[in-house]
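Visitor: Could you have a look at this structure, given as structure tokens, before my questions?
The values are calculated or read from the model by the stated rules, or taken from the named source; none is laboratory data. What you see is a predicted model; the values in this text were computed from it and never measured. For neighbour counting, all protein chains shown are included, and Cβ atoms are generated from backbone atoms with ideal geometry for every residue, glycine included. Ligands, DNA and RNA are excluded from the accessible area calculation, which covers all protein heavy atoms including side chains. Shrake-Rupley method; radii C 1.70, N 1.55, O 1.52, S 1.80 Å.
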Amino acid sequence: MKKQILALSLGIISIGAFAQKNELKAAEKAIKKNDFKSAITVLNSLNSMENSMESKYKAKFYYLKGKAFAGGQDYLNASEAFSDLMNYEKEIGKAKYTKSAAPMLNKLVADVSQKAIKLYNEDKDYKSAATNFYLTYKLSPSPKDTSFVFNAAVSSTQAKEYDTALKYYRELKDMGYTGIETQYVATNKATGAVENLGSKQQRDLMVKAGQYIKPEVKQTKSKSGDIIKNIALILNTQGKSDEAIIAMKEARAANPKDLNLLLNEADLYIKLKKMDKFGELMQEAVKLDPNNPILFYNLGVVNGNQNKFDDAIGYYKKAIELKPDYRDAYLNLGSAILNKRIAVQEEMNNNLDNNKKYEELEAKLKTIHEEALPFVKKADELKRDFDSVKNLLNIYDLLEKEAEGDALRPIYKKLRGQ
């Protein structure tokens, strides 16, 4: 009886292997006829036997699944089948089908990637571009190219698909994505431009050929701060301001000296119209980067908006000290000085019957305008616009500089559209 049972069991195994062989042949024939749907149906019927397949059948099973799904443009399942094949053949120490599958998988990745790029750049179909960028990431063999997830997040944001974008950005955050790339650059002798030449080998060849000089290795900036910022901005767009602030604070807690993160948090407070918080962060930023004129300019704006004109003037002057051609700082400095006239004018109105006091205040008002004049003139010299001309004209009129005012009046009217 035992012999009979054993024989029967062996018979079952033989029948199973025979069936697998025939089904694989049938699937292979269907693929050759481009009948991918039938091939997939046949191959799916073998899924339950996958674990018990002999190695020679199992490898072919994965290979044919990859080809069938690829032919049917089911790229994700094709990628998974090819990946299963490569992992399995690596495990058993044979690469019979991997050699054929690898270029197929690479082509799949390239095709979907190119489609995503076209959808983004040419068609402006950002939602579909996001889908294909993420699919490219999923198709990529290990190690996966995580930059495609970043592209998917950006595309989703462009499409205003904020929930999807948030999912992708959070995935990037969780995987610790930085986006930092090593670039092999050199200076083009003909143009003087610094160019990224792709690889060290390519760069060295171009330098050796004499077309390029000054070979260097550069690292691109980390995108981790931008990822956190975008998470926070999306949450804010969705009306989740508290979550947005928490997200930004988490990032800053992990990187307290990261100026980019600090500025991103400050930018968020501008959008929330919390200028007091913005001002606090600008003070922190100045400590981290004391030679950055933009930071002092921002502090000038914050203090000016809070009617702290003396403080604003000090910050604008510091910005100009660091950047002598800072046109906006000159214009705002002039405006901050002129804003001191508000209190003087109010006091003048309260002393209409006191000639002596009124004349003292009138002289003080002229002094304020004389103090502001050189800064507004400098701003106008650096770049003329309606605001600079308007402020200059007001100053000239109050100081009774008729020639200067008359010369400027036609320009003012033209800028005003009269």
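Visitor: Relative to the longest principal axis of the C-alpha atoms of the chain, give the angle of the C-alpha long axis of helix 293-305, reported between 0 and 90° and rounded to the nearest 10°.
Guide: 60 degrees
Visitor: Still on this structure, I have one more. Just to confirm, what accessible area per residue do you get for the range 54-156 at 1.4 Å probe, in whole Å²?
Guide: That works out to 50 Å² for each residue.
Visitor: Using a 1.4 Å probe on the protein heavy atoms, what percent of the accessible area of the chain belongs to carbon and sulfur?
Guide: Answer for the chain: carbon and sulfur cover 50 percent of the accessible area.
Visitor: Another question, then. Which value at 222 nm does the chain reach when only helices count, each DSSP H run of 4 or more adding -39,500 (n - 2.57), with the total divided by all residues and rounded to the nearest 500 deg cm²/dmol?
Guide: Using -39500 (n - 2.57) per qualifying helix, the result is -24000 deg cm²/dmol.
Visitor: On a 0 to 90 degree scale, rounded to 10, what angle separates helix 98-121 from the longest Cα axis of the chain?
Guide: Compared with the principal axis, the helix lies near 30 degrees.
Visitor: Read phi for every residue in the range 322-333 and hand back ³J(HN,Hα) as whole Hz from Karplus 6.51 cos²θ - 1.76 cosθ + 1.60, θ = phi - 60°, with x for Gly and Pro.
Guide: These are the phi-based 3J(HN,Hα) values: 7, 9, x, 9, 7, 4, 5, 5, 4, 5, 5, 4 Hz.
Visitor: I'd like the orientation of helix 259-271 relative to the chain: the angle between its Cα long axis and the longest Cα principal axis, in ° from 0 to 90, rounded to 10.
Guide: Compared with the principal axis, the helix lies near 70 degrees.
Visitor: Please report the spacing between the Cα centers of the range 22-101 and the range 174-252 in Å, no decimals.
Guide: 39 Å
Visitor: Separate question: For the chain, give the magnitude of the charge dipole about the Cα centre (Cβ charges: +1 Lys/Arg, -1 Asp/Glu; no others), in debye to the nearest 20. Each step should come with its number before you reach the end.
Guide: On the way: 67 positive and 56 negative charges, 558 e Å.
It works out to roughly 2680 debye.
Visitor: Keeping every protein chain present and rolling a 1.4 Å probe, give me the accessible area per residue for the range 284-360 in Å².
Guide: That works out to 56 Å² for each residue.
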